[in-house]
Amino acid sequence: MAFWAYMLRCSDGRYYTGHTDNLERRIGEHQSDVCDYTSRRLPVELVWSEAFVSRIEALEAERIVGGWSRAKKEALIAGDWKRVSFFARPPAERFSTSLETNGEGKASSPATSPFVSSEVEKPEAAALGISRSPK
């Protein structure tokens, strides 16, 4: 069974993020008067969605994307991973306005998705130099 994280563009230009196990049904609910937030902003348009293997991963993606800036959400919608990466950095750390380099003359390599499945083996904290003991 697939689970989905998704983003809608509302008629007032705002973005709504959610997750579901039935994307088609849920979009239909948003386009009717079933959902409070979107019922006041009709019509809505599905602008991004991604499938996940578990509900927890879809919920995590919803929460992550929902907290992003408008510029970063629009970069995700466009599938522009360079811009997603650019807007992930704090404004003071955005070295280049050309989005072609990371400020050191090296081109960045775009990822296929900003999300990683929990089924991917994750490195041990010690290997990353992360201490689990409180300081």
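Read-outs throughout are calculated quantities, based only on the coordinates presented, and are distinct from any laboratory measurement. No experiment lies behind these values; they were computed from the predicted model shown. Glycine also receives a Cβ, built like all others from the backbone with ideal geometry; neighbour counts cover every protein chain displayed.
Rounded if a/c is under 1.5, else prolate if a/b is larger than b/c, else oblate: which is the range 4-93, with a ≥ b ≥ c the root eigenvalues of its Cα gyration tensor?
On the way: a/c = 2.33, a/b = 1.46, b/c = 1.60.
Since a/c reaches 1.5 but b/c is at least a/b, the shape of the range 4-93 is classed as oblate.
If each of Glu29 and Leu59 carries a label point 7 Å out from its Cα toward its Cβ, how far apart are those two points in nm?
Label at Glu29, label at Leu59, 1.5 nm between them.
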